[in-house]
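As structure tokens, the structure follows; a few thoughts come after it.
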Amino acid sequence: MTEFASRAAAQTVGLLIPFVLIFVAAGTIQFWQGWLFSLSFWGSTTATGIYLRRYDPALLERRMRFGPRAESRPTEKIIIAIILLTFVALAVAAGLDHRFGWSRVPAAIVIIANILMIADFGFFLLVLHENTFAASTITVEVGQRVISTGIYAYVRHPMYAGALLLLFAMPIALGSLWGLLVAAIAIPLLIARIFDEERTLSAELPGYDDYRRAVPYRLIPLVW
């Protein structure tokens with residue numbers, strides 16, 4: 001088995017854990033929100049991987065270098081570890097919410113949230129098409145340049161903006177309002193990661209400070 005195949009298999013198994021936990025926490029497989037969420041998420045991630053494998057395999061390799069062990073700085077190792085634990089906690093919270101009936105989300109809203117999730121992965125593809133240097137770790141690649149076109153002309157971190165939307169769409173897609181509280185834990189972590197990434201890019205990527213002055217917003221135009 002090649003290194004790429006080994007890494008892909010390991011990440012697939014790792015991603016399966018929270019999906020299994022959804023149904024374990026729910027205490028049943030009769031959880032249509034869980035199945036729809038799993039189909040939406042897995043279908044979108046698979047489609048994204050297939051697209052990158054065909055059109056930008058180098059970017060796919062960079063995106064697959066993900067997790068605490070892939071980060072070079074201790075702070076980032078901690079941030080990514082907590083984000084991954086948050087994802088697991090969100091799955092468990094949504095399952096428990098279904099089991100005990102803590103909250104109810106109308107079926108139409110659940111479906112809309114799943115559509116938003118799928119659309120968000122489409123947004124990720126647009127960002128990745130614009131920026132082939134968008135690695136999962138904070139690093140500056142050989143030959144990397146500042147990207148200021150497309151969505152990058154409006155916000156400096158569109159991938160994080162999409163990740164934030166995904167985090168809050170996920171619990172709704174699972175029919176859980178309590179899951180939103182778990183998702184909120186990730187907000188300060190993403191902000192800390194953005195600040196750390198900008199420090200690295202300012203120090204190591206020529207022209208990034210000029211880009212920061214030209215595009216003042218990090219996540220949301222006219223807001224922050």
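The values are calculated or read from the model by the stated rules, or taken from the named source; none is laboratory data. Fair warning: this is a prediction, and the values are worked out from it, not measured in the lab. Using ideal geometry, Cβ is built from the backbone for each residue, glycine included, and neighbour counts are taken over all protein chains shown. Side chains are part of the model used for accessible areas, which takes the heavy atoms of the whole protein and leaves out ligands, DNA and RNA. Shrake-Rupley method; radii C 1.70, N 1.55, O 1.52, S 1.80 Å.
Only helices enter the 222 nm calculation for the chain: every DSSP H run of n ≥ 4 contributes -39,500 (n - 2.57), and dividing by all residues gives -23500 deg cm²/dmol, rounded to 500.
If you wrap the tightest convex hull around every Cα atom of the chain and split its volume per residue, you get 127 Å³. The residue among Ile151, Gly207, His98 whose Cα reaches farthest toward the positive pole of the charge dipole of the chain, with charges on the beta-carbon of Lys, Arg, Asp and Glu, is His98. Diagonalising the gyration tensor over the Cα atoms of region 85-167 and scaling each eigenvalue by 5 before taking the square root yields semi-axes of 33, 16, 8 Å, largest first. Shape of region 23-108 from the C-alpha gyration tensor: oblate (a/c of 1.5 or more and a/b not above b/c, with a ≥ b ≥ c the square roots of its eigenvalues). When the chain is treated as a GNM with alpha-carbon contacts under 10 Å, the residue of Ile118, Ile151, Ile17 showing the greatest mean-square fluctuation is Ile17. For the residues Glu197, Glu76, Glu141, a GNM of the chain with alpha-carbon springs under 10 Å puts the largest fluctuation on Glu141.
Annotation for Trp224 and Leu84: the two label points, set 7 Å from Cα along the Cα-Cβ direction, are 2.6 nm apart.
When both region 193-224 and region 48-123 are represented by their alpha-carbon centers, they are found 24 Å apart. In terms of accessible area, using a 1.4 Å probe and ignoring ligands and nucleic acids, His157, His129 rank largest first as His129, His157.
Computed on the chain, with alpha-carbon pairs under 8 angstrom and 6+ residues apart, the relative contact order is 26 percent. Accessible surface ranking for Asp97, Asp209, 1.4 angstrom probe, highest first: Asp209, Asp97.
For region 102-141, the list of chymotrypsin sites (Phe, Trp or Tyr not before Pro) that fall in a loop by DSSP and count at most 14 other C-beta atoms within 10 angstrom reads Trp102. With respect to the chain, whose longest principal axis is taken over its alpha-carbon atoms, helix 107-130 is tilted by about 20°. Rounded to whole numbers, the Karplus 3J(HN,Hα) couplings from phi for region 23-33 are 7, 5, 5, 6, x, 6, 9, 7, 9, 4, 5 Hz, using 6.51 cos²θ - 1.76 cosθ + 1.60 with θ = phi - 60°, and x at Gly and Pro.
What FRET efficiency comes out for the pair Leu177/Thr149, r = Cβ-Cβ distance, R0 = 35 Å, nearest 0.05? Efficiency for this residue pair is about 0.35.
Rounded to 0.05, the FRET efficiency of the Leu39 and Arg199 pair, given R0 = 41 Å and the Cβ-Cβ distance, is 0.55. Among Gly101, Gly49, Gly122, which one shows the biggest mean-square fluctuation in a GNM of the chain, springs joining Cα atoms closer than 10 Å? Ranking Gly101, Gly49, Gly122 by mean-square fluctuation puts Gly101 first.
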